[in-house]
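Beneath this line is the structure, given in C-alpha cells, with notes to follow.
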C-alpha cells in the first residue's frame, strides 16, 4: 500500500503498475514536485513523468505504425515523455517561475540534438502560454518563438542549473521506467542525471522558428499522455481512466460509449482519442511491467 502523505499521482502509478509499494527508497516529492497550486508546490515529478510514460505505452499498439509512416519512431515518443518536464528540475521552477517548457526544450536540444523534433515538441506542450502572450500583444505578425520571455532566453544562452539532488529523482524515474520495460532512454537519463548545469549557447528561438511536422505529431501524443497523467493529481477518483472504465459497464455499444464520454466524462478531449480497450488487454493495469 502507498503510505499516507504520498502524492496522489504516486498512488495511481503504483496501483496501475500492480506494485505493493513504490520502489523509491526515499520520497523526493517535497524537493521535486510536479506542479504549483495556489502558490504551493504539489505532486511528484517522478510519479507524473513515469505516469506520462505509462500513458504513452498504452497508446503504442494503436499509434506506433501510424507515427512511423510520418517518420516518427516510438523511441522519440519515449524520449519526449521523459524529457517534457525536466525543466521542473531547475532552480527557476523551484522558485515558482513559469516557463518550464523552455528549459525542458533546452535540455532536450542538448541531449537529443538541436534539430530533433523532440526538442520542438517539448516546447509545444505548453505553447498555450505563449499564444496567450500573442493575443495580449495584439500583433498578428509576432511568431510563437518571439513570445519566449527575455529571462528565459538569457538563461538558455548563459546557462541554468538543476536543483541539488536531482540525480536521485532521475534515478527513481529510471527504476519506474525499467519496471515498465522502457529501456531506450537509459543513456539519455544518464546525461540528465550527471549534468548539473545546462547551456544552450544560442537563442532558443532558433529551435522553434520553423516547426517540423514530426514535432506536431509527437506533441499530439504528448498532449494525450501528459494530460491523462495530470488527471491523477487529485487522486484515483479523478483519474481519467477510472472514470472511463466506470462508463464502459453502462454502454456496451461503441457509439453510445463515445456519446457518453463526450457528454459525461470530465475530460472528453483526452478520453475519446486513442482509447485503450477498457474491457481487457491494453486497457487493464500492468500492460507490460513486471510486478515488484
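One table, with the values for the structure above:
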item: Failed condition for residue 22, given (1) part of a helix (DSSP H, G or I); (2) buried (at least 18 other Cβ atoms within 10 Å of the Cβ); result: (1)
item: Subset of the stretch 202-241 (residues that are modelled with pLDDT under 95, farther than 28 Å from residue 68 by Cβ and surrounded by 17 or more Cβ atoms within 10 Å (Cβ to Cβ)); result: 204
item: Failed condition for residue 68, given (1) closer than 28 Å to residue 8 by Cβ; (2) in contact with a helix residue (DSSP H, G or I) (Cβ under 8 Å, 6 or more places away or on another chain); (3) at pLDDT 95 or above; result: (1)
item: Any hit, the stretch 77-88, residues being farther than 18 Å from residue 184 by Cα, touching a strand residue (DSSP E or B) at 6+ places or on another chain (Cβ under 7 Å), in contact (Cβ under 8 Å) with a residue 12 or more places away in the chain and surrounded by 17 or more Cβ atoms within 10 Å (Cβ to Cβ); result: no
item: Residue under evaluation residue 52, criteria (1) within 17 Å of residue 118 (Cβ to Cβ); (2) crowded, with 17+ Cβ neighbours inside 10 Å; (3) without any contact (Cβ under 8 Å) to a residue 60 or more places away in the chain, criterion not met; result: (3)
item: Hey, residue 95 surrounded by fewer than 16 Cβ atoms within 10 Å (Cβ to Cβ) and in the same structural domain as residue 114 (by TED's automatic domain parsing) or not; result: yes
item: Unique residue being modelled with pLDDT under 95 and under 13 Å from the mean Cα position of the chain (by Cα) when the list is 84, 100, 48; result: 100
item: Long-range neighbours under 7 Å by Cβ, at least six apart or interchain, first residue on the phi > 0 side of the Ramachandran plot within the stretch 195-217, second assigned to a helix (DSSP H, G or I); result: 201/157
item: Unmet requirement for residue 111, which otherwise passes all of (1) in a helix (DSSP H, G or I); (2) surrounded by 24 or more Cβ atoms within 10 Å (Cβ to Cβ); (3) more than 14 Å from the chain's Cα centre (by Cα); result: (2)
item: Residue list for the stretch 229-254, restricted to those being within 27 Å of the chain's Cα centre (by Cα) and without any contact (Cβ under 8 Å) to a residue 12 or more places away in the chain; result: 237, 242, 246
item: Residue in the stretch 55-69 that is assigned to a loop (DSSP other than H, G, I, E, B), surrounded by 14 or more Cβ atoms within 10 Å (Cβ to Cβ) and in the same structural domain as residue 160 (by TED's automatic domain parsing) present; result: no
item: Unmet requirement for residue 257, which otherwise passes all of (1) more than 22 Å from residue 43 (Cβ to Cβ); (2) surrounded by fewer than 17 Cβ atoms within 10 Å (Cβ to Cβ); (3) free of Cβ contacts under 8 Å to residues at least 24 places away in the same chain; result: (2)
item: Index of the failed condition, residue 120 passing every other in (1) assigned to a helix (DSSP H, G or I); (2) at pLDDT 95 or above; result: (2)
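The values are calculated or read from the model by the stated rules, or taken from the named source; none is laboratory data. Computed from a predicted model, the values in this text were never measured in an experiment. Glycine gets a Cβ as well: all are built from the backbone with ideal geometry, and neighbour counts include every protein chain shown.
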